[in-house]
Each structure stands twice: as C-alpha cells, then as structure tokens.
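The values are calculated or read from the model by the stated rules, or taken from the named source; none is laboratory data. This is a predicted model, so every value here is computed, not measured. Positions of Cβ are generated from backbone atoms using ideal geometry, with glycine treated the same way; all protein chains shown enter the neighbour counts. Heavy atoms of the whole protein, side chains included, go into the accessibility calculation; ligands, DNA and RNA do not. Shrake-Rupley method; radii C 1.70, N 1.55, O 1.52, S 1.80 Å.
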Amino acid sequence: MFVDHVEGAWIDVPIWFRSHRIDDDAALARIRDSRISAVVIDLDKGVGPTQAPVAPHAPANAPAPQAPDPETAKAKETLRRTHSAMRQIFAAIRDGASIDPGQARAVVDEVAVAMRHRPRALLGITRLKSKDEYSFLHSVAVCALMTHFGRFLHLDEGMVQQLGVAGLLHDVGKVTLPSEILGKPGSLTEEELEIVRTHPRQGFRILQSQDVSDMVRDVCLHHHERIDGRGYPDGLEGDQLSQAVRIAAICDVYDAVTSIRPYKEAWSAKTAYRRMWEWDGHFDRVLLGQFFVSIGVTGETARRPEL
Ligand SMILES: [Fe+2]
C-alpha cells in the first residue's frame, strides 16, 4: 500500500516510519500497534487493504476495551481544570466585573505545559467540539496553538504568555451576540453576519476596562483583519497588522476549519495547509508556512527560523 499521509499524527509517527510504502504484513502490524490513528492510502499508487476495517461496534466475544491512552486522560484532566477557571473569567466579563489576570495566566500556563508535553492529545480533544462547548474549546485550542507557535518562533516567554492570554480572550466580544446566532448550525444570513462581525469591536470595548495588555486588546480587535486589507473591522493591511495579530489570524482559522462539528466537514491538517495556502491575501505567508511546520505539516516553502 502507498501511504499518502498520516492523519494528524505529527507527534506520534514512529521514527522507523519514514517510507510511504507498506510492503508486508509485518510493517502493517507495526503501524497498527503504533499510536498512529489513521493513514490515507493512495489507490493509484498501490493496493488497498485486503481486510475489511475493524467494525466500530466490537462483537460480544471481543476482548475488553483497552484503558484510555494515558496522554489523552491527562489532556482531559487539563481541560477539566481549565474549564471552571474559564467559566469564571467569562462570567466576570458578562457581569461587567474584573477578571483576575492571575487566573487567566494560570490557565495559559496549564494549557502551555500540556501543549508542550502532549500536543497531539490536547489538540485531538479540543478538535471535537459540541455546540455547548465550542466557545470554550475554541478559546483553549487557539491559546494552545498560539503559545506553541510563539515558542517555535523563539519569542520570549513573556510574549508567549501574552499570546496565550490573547488566544483565550480573542473572541470575548461574542458574549454580546444573541445566542440564536451563535448557536445557529449552518450558514448565517447577511444580516446575521453583520451582527457577528461586531464581535471584535465589542471585545475590544470589554477589554478596555480589564487588566490586560495592549497586545491582548490588539489581537481581540484585529484577529479578523487580512494582510490584503479586506478583513474587518478596520481594513488594516500589510505592516499595519502586528505580529501577534498575524499569528492569531492563522491559529484562529486553523482551529475553526479543522474542528469536528456535527454539521460541517472538518479538514485534516494537511487539507487545511493546502487550502489556507491558496487563500491569497488572507494571511502572512511566511508565518503561515512556519505555522504548518510548527505543527508537523511540513511545507516545502517554510522552515523553522534560525536562532
Ligand atoms: Fe473571532
């Protein structure tokens, strides 16, 4: 079989799995025993599987299911702990109260540590978003991606920490949007889109009375700007977009397009790379290439910056 790509397993691909070919049953067995979750086979370049895939529902005489992967269990524990802190932060914002900057930093630290030790498990869990938890999981995922990318770019720890807070709070203005619009499955009408597009300014207004840095406010206000000036709310372009805003724009869109939701197709990391690369004028292309290197979807056009 010819393996076109390994689905989402940029951390777990074993060192021995360098070839695109699976030549014998032994190689197949090793892949099945590894932590790779799925591979995509190219039938034009090789044969397909000769056995039916394992049935999703195990037969009655099947062995007992294995205990959950310990890394996944730890990542779930991280999310459980951060969930209550995030609830408090957003409840304070809704009530017009002050958020505790120490609490936000603690969430960022927890997420950043989890992202350092078990990135695949953390992103694997946050990728699957129910309607009720979308906002929380999207905030955490963008926080995780921004801190991870900031470290990859060798930014200093203070900046990485601020990127994390910005990721957590970038969509805070959505607390002002009607829940019917926020929770509506499928596409929105033009009128509804106009309302959604108010959330960066609403968020910026909310954060003006909060103890957060100017960089966090900048990301909140401008994460939907585009490098060609066709974004919103201010239509900034080129150098007018700060580095933090450019990073946030990439991480925000990446998490949105790869999120698994009941009513839309979720792109694989590789598909996200291909399609986001085609969106001319949307992102900073140097950073976009580096972002995909940072998450293991190697691009030919980018590499990690030298120290
Ligand atoms: Fe947003």
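For region 155-202, the equivalent ellipsoid derived from the Cα gyration tensor has semi-axes of 29, 10, 9 Å, listed largest first.
About its Cα centre, what dipole magnitude does region 70-294 give when the only charges are +1 on Lys and Arg Cβ and -1 on Asp and Glu Cβ, stated in debye to the nearest 20?
Using Cβ point charges on Lys, Arg, Asp and Glu, region 70-294 gives about 920 debye.
In the assembled protein chains, His20 presents an accessible area of approximately 100 Å² (probe radius 1.4 Å).
In region 214-293, which chymotrypsin sites (Phe, Trp or Tyr not before Pro) are in a loop and have at most 16 other Cβ atoms within 10 Å, using DSSP for the loop call? Walk me through the intermediate numbers first.
Numbers: sites: Tyr254, Tyr263, Trp267, Tyr273, Trp277, Trp279, Phe283, Phe291, Phe292; in loops: Tyr263, Trp267, Trp279, Phe283.
For chymotrypsin sites (Phe, Trp or Tyr not before Pro) across region 214-293 that sit outside H, G, I, E and B with at most 16 neighbouring Cβ atoms in 10 Å, the list reads Tyr263, Trp279.
On full extension of the chain, what length is gained from Asp25 through Arg275, given 0.36 nm per residue of separation minus the C-alpha to C-alpha distance? The partial results should precede the final answer.
Numbers: separation 250, 0.36 × 250 = 90.00 nm, distance 3.46 nm.
Full extension of this stretch gives 86.5 nm more.
Remark: spin-label model distance Ile181-Ser98 equals 3.1 nm, labels positioned 7 Å along the Cα→Cβ axis. Note on exposure: Glu225, Glu237, Glu192, Glu265 ranked by accessible area (1.4 Å probe, complete protein assembly) read Glu265, Glu237, Glu192, Glu225, with the most exposed listed first.
Using Cα centres only, tell me the gap between region 180-218 and region 72-110 in whole Å. That distance is 19 Å.
Ranking Leu207, Phe292, Ala104 by how far each Cα lies toward the positive end of the dipole of region 70-294 (charges on Cβ) leaves Phe292 at the top.
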